[in-house]
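Visitor: Can you keep this structure in mind? I'll have questions shortly.
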Amino acid sequence: WLLLRGMRTLYPRVKAAWDWIGKTYTVDVNPGFVTNDPKNGDMSRYGLYYYYHTMARALNVYDEPIITDSKGVKHDWRVELSDKLASLQKPDGSWEGQKKWFEDNGVLTTAYAVLALQEIQQDLKQHPAK
């Protein structure tokens, strides 16, 4: 809501979220579920396609195509996310994830992937990749 109102620089929560994105940026796993707890196992792929969709939506609204990670490396999130989605796409054009949260349902995960790609496309129209 704060982003949609054009107040991204006025609120500490928005700045904290942007800082977290820079510290945890990746398109390989869901960074909200990376854990070092052996009891829980590898949860980093849970909700991956939902993460892709919400990541693309939030970053499109934030209106900043380049993310600088914690090592100072710059990433064009649109290019990296579209490349990642292309690498995960099945030959029939669908996507499928982990069983957790129904992401083994190709209809659901394909919808998330297509929604993410729509956000990428919209952002690229506003800010063409270099």
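Visitor: Quick check: residue separation of D28 and R57 times 0.36 nm, minus the Cα distance between them. What number comes out in nm?
Guide: Values: separation 29, 0.36 × 29 = 10.44 nm, distance 1.74 nm.
Net length gain for the segment: 8.7 nm.
Visitor: If we restrict to alpha carbons, what Rg and Dmax does the chain come to, in Å?
Guide: So, for the chain, Rg and Dmax equal 15.2, 45 Å respectively.
Visitor: Ok, one more. Order these peptides, 118-130, 76-88, by their mean beta-carbon neighbour count within 10 angstrom, highest first.
Guide: Working: 118-130: 14.1, 76-88: 16.6.
Put in order of decreasing packing, that is 76-88, 118-130.
Visitor: Here is a further query. Expressed as a rounded percentage, what relative contact order does the chain have, with Cα pairs under 8 Å and six or more residues apart? List each step's numbers first, then the result.
Guide: Details: 142 pairs, mean separation 31.5, N = 130.
Relative contact order comes out at 24 percent.
Visitor: What accessible area, in Å² to the nearest ten, does a 1.4 Å probe give for D92?
Guide: Taking all protein chains as shown, D92 has close to 120 Å².
The values are calculated or read from the model by the stated rules, or taken from the named source; none is laboratory data. For clarity, every value in this text was computed on a predicted model and none was experimentally measured. Cβ sites come from the backbone with ideal geometry, for glycine too, and all protein chains shown count toward neighbours. Ligands, DNA and RNA are excluded from the accessible area calculation, which covers all protein heavy atoms including side chains. Shrake-Rupley method; radii C 1.70, N 1.55, O 1.52, S 1.80 Å.
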